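Reviewing the structure listed below.
Derivation of every value follows stated rules applied to the coordinates shown; laboratory data play no part. What you are looking at is a predicted structure, and each value in this text was computed from that prediction instead of being measured. Cβ coordinates were reconstructed from backbone atoms using ideal geometry, including for glycine residues, and neighbour counts include every protein chain displayed.
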């Protein structure tokens, strides 16, 4: 399963929360997260991915807190909590030295490369790009809440632009590193 598929609960939440209350949007995202975990396990087996588990816990926990407190959360405030949770998952995976992209990369990379330093460096770089994207989303949410003088399109553009940049970087960077390694190998043969 790709990183983008694993992020679909966030997309579902973002879209659904525009049309229905926050709590049902959180529940739907939690259920989709759990569905992705079950689907992935049935297709591939193996361990549950950090991003998927973190997403299920995040949405499930926020839905439970919302239900238990009875509070009516504002959309931007919940988006801030969701984005901060996603940032924490990504940053936490770096801090424990298991970048969350590693599990996705291993599904597409032969086992003999898994321990190679370049494989790990690529995954740290890609996880770092996604972590930066999630940090930008948190900052944009904070701007929407605390800086009403800033036109709303600016934080929204930052969110969309950073997300598009992370998607692009995820595809471009490994291919670029592969080309560099092949060029170095060719130069070494000459």
Among the numbered conditions (1) under 17 Å from the mean Cα position of the chain (by Cα); (2) assigned to a helix (DSSP H, G or I); (3) within 25 Å of residue 122 (Cβ to Cβ), tell me where residue 59 comes up short.
-> (3)
Considering only the range 148-171, how many residues are farther than 18 Å from residue 135 by Cα and surrounded by 12 or more Cβ atoms within 10 Å (Cβ to Cβ)?
-> 1
Residue pairs within 6 Å by beta carbon, gap of at least six or interchain, first lying in the range 75-96 and surrounded by fewer than 20 Cβ atoms within 10 Å (Cβ to Cβ), second not in a helix (DSSP H, G or I), listed first then second, are 75/17
Please give the number of the condition residue 109 fails out of (1) without any contact (Cβ under 8 Å) to a residue 12 or more places away in the chain; (2) surrounded by 15 or more Cβ atoms within 10 Å (Cβ to Cβ); (3) under 17 Å from the mean Cα position of the chain (by Cα).
-> (3)
Before we move on, is residue 52 surrounded by 16 or more Cβ atoms within 10 Å (Cβ to Cβ) and within 24 Å of residue 136 (Cβ to Cβ)?
-> yes
Taking the range 8-29, which residues are surrounded by fewer than 19 Cβ atoms within 10 Å (Cβ to Cβ) and farther than 16 Å from residue 66 by Cβ?
-> 8, 11, 12, 14, 15, 18, 19
